[in-house]
1. Just tell me, in residue order, which DSSP H segments of the chain are both 27 angstrom or longer along the helix axis (alpha-carbon based) and at least -0.5 in mean Kyte-Doolittle hydropathy.
2. Of the candidates Asp207, Asp185, Asp129, which one comes out as most mobile in a Gaussian network treatment of the chain with C-alpha springs shorter than 10 Å?
3. Along Cα→Cβ, 7 Å out, is where each label goes; now give me the distance between the ones at Ile71 and Glu231 in nm to one decimal.
4. How big is Rg to Rh over the chain, alpha-carbon atoms, Rh as the Kirkwood inverse-mean-distance radius?
5. Per residue of the stretch 101-114, in order, report the coupling 6.51 cos²θ - 1.76 cosθ + 1.60 (Karplus, θ = phi - 60°) as ³J(HN,Hα) in whole Hz, putting x for Gly and Pro.
6. Report, in listed order, any pair from Lys146/Lys212; Lys38/Lys103; Lys10/Lys85 with a Cα-Cα distance greater than 22 Å.
7. Given a 1.4 Å probe and every protein chain left where it sits, what share in percent of the accessible area of the chain is carbon and sulfur?
8. Give the accessible surface of the stretch 1-141 per residue, rounded to a whole number of Å², with probe radius 1.4 Å and ligands, DNA and RNA excluded.
Amino acid sequence: MKAELLYEGKAKKVYRSSAYSNQLVLSYKNDATAFNGKKKASFIGKGRLNNEISSLIFPYLHERGIRSHFIQRLNDTEQVVLETKIIPLEVVVRNLATGSITKRLGFQERTPFEPALVELFYKNDDLDDPIINDDHALLLTDITSKELREIKVKALEINTALRELFQSINLKLVDFKLEFGRLPDGSIVLSDEISPDTCRLWDMETDAKMDKDVFRQDIGDLVTVYEQILERLEARV
């Protein structure tokens, strides 16, 4: 299914599909990074786990009427997706205060956000992905004001769906990052991945962290935690 390598990021390699001109193959890597790439490590099995977790979550969102680039899981570490032009925005949805927002704005840890808070970050490694406002987003990307509003609405719809999913497997969705891409017809769909790399998840009974924070903070074994999330999702299905 794979032809030429188009791009290699921190967590995935992107290949052109040899079968269809409008499709790509995402190959999930075992690498883990934190703090905009300043901390790095590799974990055997991580790529498989993120691929399988994302491959369960995207169909769940499709059932809820949320379009994405996902087509199907190809094998343990690869999935087939529609080709999109990624919009250089990270859309972060926060249900509880933790991480960078507590340092930036002084929110007390675990402060609930009702409704959920949506923040925008400019996807640019050289600038350390700075937080931006709507006007910046319109200047730095090709989206329109209407599309930006639609992205924010869609992010909140995804939040509702994911909170219900994770609650059903005894996990609290604290916050998460989304990326969106533009299809050849100009429409915008959810892209990238949804996994413990991109979500903060806390166990509802123990408050144990069940995401990449175990790597960021050196508080647990990343692969063991990701295995537990996959097992819970598979049991739900």
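The values are calculated or read from the model by the stated rules, or taken from the named source; none is laboratory data. Note that the structure is a prediction, hence the values are computed from the model and not measured. Cβ atoms come from the backbone with ideal geometry, glycine included; neighbour counts cover every protein chain shown. Only protein heavy atoms, including side chains, enter the accessible area calculation; ligands, DNA and RNA are left aside. Shrake-Rupley method; radii C 1.70, N 1.55, O 1.52, S 1.80 Å.
1. The qualifying helices are 145-168.
2. Asp185
3. For the pair Ile71/Glu231, the computed spacing is 3.4 nm.
4. Details: Rg = 17.1 Å, Rh = 18.3 Å.
Rg divided by Rh gives 0.93.
5. Per residue, the Karplus-derived 3J(HN,Hα) values read 5, 5, 7, 6, 10, x, 5, 5, 3, 6, 4, x, 10, 10 Hz.
6. Lys146/Lys212
7. The C+S portion of the solvent-accessible surface of the chain is 50 percent.
8. Value returned for the stretch 1-141: 52 Å² of accessible area per residue.
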